[in-house]
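One structure is given here, and the rest of the page talks about it.
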Amino acid sequence: MNAQTRLFAMLLILVTPIGGATKHDPIPAASACDVLEQALSASKHVTVGKQRKDVERYFERDGGLQFPGATRYSYVECHLLHLDVEFDRTKNAQGAFSPDDTITNVSKLYVEYPAKD
């Protein structure tokens, strides 16, 4: 079962009443919250001045059309969580997506379906 399916199943369990549960019952903490907390923590490591290789420790390039100067990343543990990162491209880059490109702008973490190739 992939991370997206697990997250969806956990969220479904959280919103489905069990037995005599009412809408006033507190929602128990679940591992979905743990994944969100980990992603938020990881996103704090992605800051202006760091390099592409620092982003790719925690996030991977999302599907679809990507550009070296502005790349959309998804969190490795849950591909519904994304960051948009802009880079200053390295002059001596070996390839389009150089690990030494410098981060110039980072979006906040957001939720969206992954792009498909």
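Residue-wise HN-Hα couplings along region 75-84, as the Karplus relation 6.51 cos²θ - 1.76 cosθ + 1.60 with θ = phi - 60° gives them from phi, are 5, 5, 8, 7, 6, 8, 9, 10, 9, 9 Hz; Gly and Pro carry x. Summary of packing: across the peptides 76-82, 47-53, the per-residue average of other C-beta atoms within 10 Å ranks them, highest first, as 76-82, 47-53.
Taken over the C-alpha atoms, region 49-117 has Rg and Dmax values of 11.5, 34 angstrom.
Here the Karplus relation 6.51 cos²θ - 1.76 cosθ + 1.60, evaluated at θ = phi - 60°, turns the backbone of region 100-108 into coupling constants of 9, 4, 9, 6, 10, 7, 9, 6, 6 Hz, with x for every Gly and Pro. Under 5 Å from the amide H of residue 62 lie the amide H atoms of 72, 73, 74, each residue being 5 or more positions distant or on a separate chain, with H modelled from the backbone and absent for Pro and chain starts.
Here, each number is a calculation from the coordinates, and none is a lab measurement. Here the structure is a predicted model, which is why all the values come from computation and not from measurement. Cβ: placed from backbone, ideal geometry, glycine included. Neighbour counts: every protein chain shown.
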